[in-house]
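Peer 1: Can you keep this structure in mind? I'll have questions shortly.
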């Protein structure tokens, strides 16, 4: 048995039963990170000292017969766009390279309260804008299954860390697929809950109406555990929903009777890699064998999802990123400035990478006088049409299953010069963000070249429990989630 | 003048809430720079706004008091522009669904009623404050974010004003309404009430508006009057010469009493408004509007008219009393207690109470003489006389004692008893035969001397009316 390969639930059980100390788990993990991080580069910063301190605290609590939290002793990685008090939060951007938040994000506060051990902050595309991790200002994270490949994005660091057993679970953020797409590329379980289910307070905003914090884990039970802790209402986030959180951990093992699974034709069309198509079809067959009814359906407006997304997301981003001006914090140009406009220009020209600049420009353009109605208002209307598509669909089915991505992980550098091609890799994940529904990606196979394939399950608003349960059913029947890349 | 002046006004009023619009920081004025800040109002990465309920209620109250149509669906928009005092480089404001539209303010100008239409009322956040070092070769500026995020109400009129007098009356009336409904302290010296004016001129009788000039940075009503006077003459001169007035935004320089160009129309901002995704829309139910309506007190304009009718006060006096709601309340409490003499109570308040308040820089609610005490003084005045009443009034302020107590303690009751006074008159005449003789010879001011002597003896308590009568009778009987 190799400790680091265990699931989060399993390692927690061993710690609680005191078969092993939390300190030993952390030591063991950092030893492995020391060996493999130079290859994978999943992290932007690590905090061994803090992790050991927390581990010691948990061990002492256990030794004294004290109560420990739901995440007792589990080493967790956090995407570096989620604020951690006293720990740098860079968003993989030069503009925030030395920014240390004076507060914890809601989710960070929650996992700390439940005795999680934060081990470090993971790499991402700058400000979560990208699908490959190549837009990080610091380095490119590599896919543990094939280190010539990207791990996906924007949460590639979190996904690679979990896959490479350099963290037991990770928190990410998903604006257009940034949890699900890298989870699919790295063979993890990646869950984006309903918009409003998890507070965004402390998540550095990319596109406020689409951003949602999610989990990247080794299996569905771990996802249920992490979501249990971070879900729920937060008075610091006006868009946080005051909806009761069910018991996910208990819920995932209940029986699925009369399951109706929707199969949307728009997600199996042109551009889909045939190996992925057959893996997902195969998975659907497993559901059918287990008594589920497969229902073909159509989500006619999903063809406009990508265009809609790139208007709304860039519009919001252009405004959310306006605050990075060097006045109060962040990068400040070393060159002399003649006036305030000069200062802004220098700070932002030097501080932002090209993808961020592209999106800020796009966003400013679509919000400009004379274009607002044609772009932003129209996109908002199309967004409503896509929402109605899903509402109609969910009147007939419990969950919708599709591939998570049209292709498996691609080579580093392969798509970086073609932004549109890059954007297409989020084509199946974006609708869930526009609609605000929960989506989860689970492993459902491998390509002939040995790259993981992900399948996406989408559910009704606030029905995370149901899609977790349906995902668990598949996991019980298969062992894709147990496969490990050959990193030894 | 050959031109008609067309003026519209935007008013910014800081709402009088304890905490800021989107966070719990204090709104106290005058603290050390950047001591009332937090991650939210500093615009740190990852923070989110949460609406201050009180600020929202105050805005609704103001919109209702200004007779606006209330948007039952209202939400907030981001207004984007870069400035170092604006932490997020966008201001959370309202553009598409303001809390109130199409209201009005009724006012009286030179005795005539005039209605000013309100285009909209909306809620937004205040910016911070730039502090420029005094030395001119300093290459930096400082920012104080204590003010950033303070709730700000913006009230925008239609271009309905046609003279500086109307603008002055509008500002007074609006300020008065905001004070009456208690949503802003309107302290101009603390920047709680600020204005922006837009002004254009056109030939008398013309139906087309002239080119409009906007002037920002007007921190007092006086500044508004000054800038408008300046602009009217500047624009008339241009028009007289046959030149065009440039559409532009100008900045008022209070120190030099002049305005200068800030930006032309071509350089005007594109604020790129879009709905604030971090706040949810607000639905204002009719019951909420009705409840708010019920909390609006009688406003000054109608109170003033009522005072004239009900208490037979002059319009001028009623105006002074109703200028401050607390003072009007004080007056009405007095009238209620005394059930009598509103005119006299009004005189006391306007002449004596207001003078003392001004001297002591006090608010009427903190004034030592309560309505009950003042009423009592006015009631016993006939027994002590006007001049002693004034002394008692001062004594009441100094000691906090009631008029009764002071009068009793100092034995100040007027001597009205004719026989008692008669004895004194006889004595005084006996002591001053020369004066009595003078009076008999037609020197009328001898009487004043004799009365003065009597007052000396009685310590001013002799009823002067009776006393005069008695002297006249006595002296005339002697001389006959």
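What follows is calculated from the coordinates using simple rules that are stated; it is not laboratory data. Everything numeric in this text was worked out from a predicted model, so none of it was measured. Counting neighbours? That spans all protein chains shown, and the Cβs are built from the backbone with ideal geometry, glycine included.
Peer 1: Can you tell me how much longer the chain between residue B:96 and residue B:141 gets when fully stretched, taken as 0.36 nm per residue apart minus their C-alpha distance, in nm with one decimal?
Peer 2: Gain on extension, residue B:96 to residue B:141, equals 12.8 nm.
Peer 1: Two decimals, Cα atoms only, Kirkwood Rh: what is Rg/Rh over chain A?
Peer 2: Ratio value, two decimals: 0.95.
Peer 1: Hey, another quick one. Any idea what log10 I(q)/I(0) is at q = 0.10, 0.21 Å⁻¹ for segment A:364-488, Debye with uniform C-alpha scatterers and no solvent?
Peer 2: With one equal scatterer per Cα and no solvent, log10 I(q)/I(0) is -0.45, -1.22.
Peer 1: Hey, what angle do you get for helix B:221-240 against the long axis of chain B, alpha-carbon based, 0 to 90 degrees rounded to 10?
Peer 2: Approximately 60 degrees, to the nearest ten.
Peer 1: Here's another thing I want to ask about it. Which three extents, in angstrom, do the Cα atoms of the protein assembly as shown have along their principal axes, listed largest first?
Peer 2: Reported extents, whole Å, longest axis first: 144, 81, 61.
Peer 1: Which of the peptides A:185-193, A:287-295 is most tightly packed, and how do the rest follow, going by the mean number of other Cβ atoms within 10 Å of each residue?
Peer 2: On the way: A:185-193: 32.8, A:287-295: 14.9.
Put in order of decreasing packing, that is A:185-193, A:287-295.
Peer 1: Also, I was wondering about something else. Under a plain spin-label model, where a point goes 7 Å from the Cα along Cα-to-Cβ, how far apart in nm are residue A:373 and residue B:410?
Peer 2: Result for the modelled spin labels: 7.7 nm.
Peer 1: What's the extension gain from residue B:209 to residue B:190 if we count 0.36 nm per residue and subtract their Cα-Cα distance? Could the numbers behind the result be given before it?
Peer 2: Values: separation 19, 0.36 × 19 = 6.84 nm, distance 3.50 nm.
Result: 3.3 nm gained on full extension.
Peer 1: P(r) of segment A:265-418 in 5 Å steps, Cα pairs, percent per bin?
Peer 2: 2, 8, 11, 13, 13, 13, 12, 10, 7, 5, 3, 2, 1, 0, 0
Peer 1: Take the Cα pairs of segment A:308-380, get the Kirkwood Rh, then feed it into Stokes-Einstein at 20 °C and 1.002 mPa s and tell me D in µm²/s.
Peer 2: Estimated via Stokes-Einstein, D reaches 163 µm²/s.
Peer 1: For segment B:1-85, report the translational diffusion coefficient in µm²/s to the nearest whole number, using Stokes-Einstein at 37 °C, 0.692 mPa s, and a Kirkwood Rh over Cα pairs.
Peer 2: For the chosen part, D equals 203 µm²/s.
Peer 1: Would you please put B:312-318, A:155-161 in order of how densely packed they are, using the mean number of other Cβ atoms within 10 angstrom per residue and starting with the highest?
Peer 2: A:155-161, B:312-318
Peer 1: Moving to a separate point now. Hey, what does the equivalent ellipsoid look like for segment B:418-479, semi-axes from the Cα gyration tensor as sqrt of 5 times each eigenvalue, largest first, whole Å?
Peer 2: 17, 12, 10
Peer 1: Of all the Cα-Cα pairs you can form in segment B:298-427, what percent are over 23 Å apart?
Peer 2: Summing the P(r) of segment B:298-427 above 23 Å gives 38 percent of all pairs.
Peer 1: Another one. Compute the acute angle (0 to 90°) between the alpha-carbon long axis of helix B:464-479 and the principal axis of greatest extent of the alpha-carbon atoms of chain B; round to the nearest 10°.
Peer 2: Tilt of helix B:464-479: around 30 degrees.
Peer 1: Now a separate question. What distance in nm separates the two pseudo spin-label positions at residue B:263 and residue A:48, each 7 Å out from Cα along the beta-carbon direction?
Peer 2: The answer from the label model is 5.3 nm.
Peer 1: Residue by residue through A:369-378, how many Cβ atoms from other chains fall within 10 Å of the Cβ on average?
Peer 2: 2
Peer 1: Give me a single rounded figure for A:313-325: the average over its residues of other chain Cβ atoms within 10 Å of their Cβ.
Peer 2: On the way: counts 0, 0, 4, 6, 0, 4, 10, 6, 2, 10, 10, 3, 8.
Neighbouring Cβ atoms belonging to other protein chains average 5 per residue here.
Peer 1: Compute the FRET efficiency between residue A:113 and residue B:26 as 1/(1 + (r/R0)^6), taking r as their Cβ-Cβ distance and R0 = 22 Å, and round to the nearest 0.05.
Peer 2: Calculated transfer efficiency: 0.20.
Peer 1: In what sequence do A:145, A:85, B:348 fall when counting other Cβ within 10 Å, fewest first?
Peer 2: By the 10 Å Cβ count, ascending, the order reads A:85, B:348, A:145.
Peer 1: Return, ordered by residue number, the residues of segment B:257-282 whose backbone nitrogen is under 20 Å from a label point located 7 Å along Cα→Cβ of residue B:243.
Peer 2: Residues passing the 20 Å test: B:257-267.
Peer 1: Apply 1/(1 + (r/R0)^6) to the Cβ-Cβ distance of residue B:323 and residue A:380, taking R0 = 45 Å, and write down the FRET efficiency to the nearest 0.05.
Peer 2: The computed FRET efficiency comes out at 0.40.
Peer 1: With only alpha-carbon atoms in the gyration tensor, what are the semi-axes of the equivalent ellipsoid for chain B, in Å, largest first?
Peer 2: 59, 27, 22
Peer 1: Then there is this: Return one number: the angle in degrees, 0 to 90 and rounded to the nearest 10, between the long axis of the Cα atoms of helix B:371-384 and the longest principal axis of the Cα atoms of chain B.
Peer 2: In chain B, helix B:371-384 runs at an angle near 20 degrees to the longest axis.
Peer 1: I've got another one for you. Let me know the mean shielding of B:76-83 by other chains, meaning the per-residue number of their Cβ atoms within 10 Å of its Cβ.
Peer 2: Mean partner shielding for this stretch: 3.
Peer 1: Hey, another quick one. Order of A:109-115, A:43-49 by packing, highest average Cβ count within 10 Å first?
Peer 2: A:109-115, A:43-49
Peer 1: Would you please state which residues of segment B:159-179 a label at residue B:305 would reach in this model, taking the label point 7 Å out along Cα→Cβ and a backbone N cut-off of under 19 Å?
Peer 2: Under 19 Å, as judged by backbone N against the label point of residue B:305, lie B:169-178 of segment B:159-179.
Peer 1: What FRET efficiency comes out for residue B:230 versus residue B:4 if R0 is 25 angstrom and r is the Cβ-Cβ distance? Round to the nearest 0.05.
Peer 2: Here the calculated transfer efficiency is 0.90.
Peer 1: Once you have the alpha carbon radius of gyration of segment B:76-201, what is it after dividing by 2.2 N^0.38 Å, with N set to its residue count? Numbers along the way, then the final one.
Peer 2: On the way: Rg = 17.3 Å, N = 126, 2.2 N^0.38 = 13.8 Å.
Output field value: 1.25.
Peer 1: Assuming 0.890 mPa s and 25 °C, estimate D for segment B:35-108 with Stokes-Einstein, Rh taken as the Kirkwood radius over Cα pairs, in µm²/s.
Peer 2: 170 µm²/s
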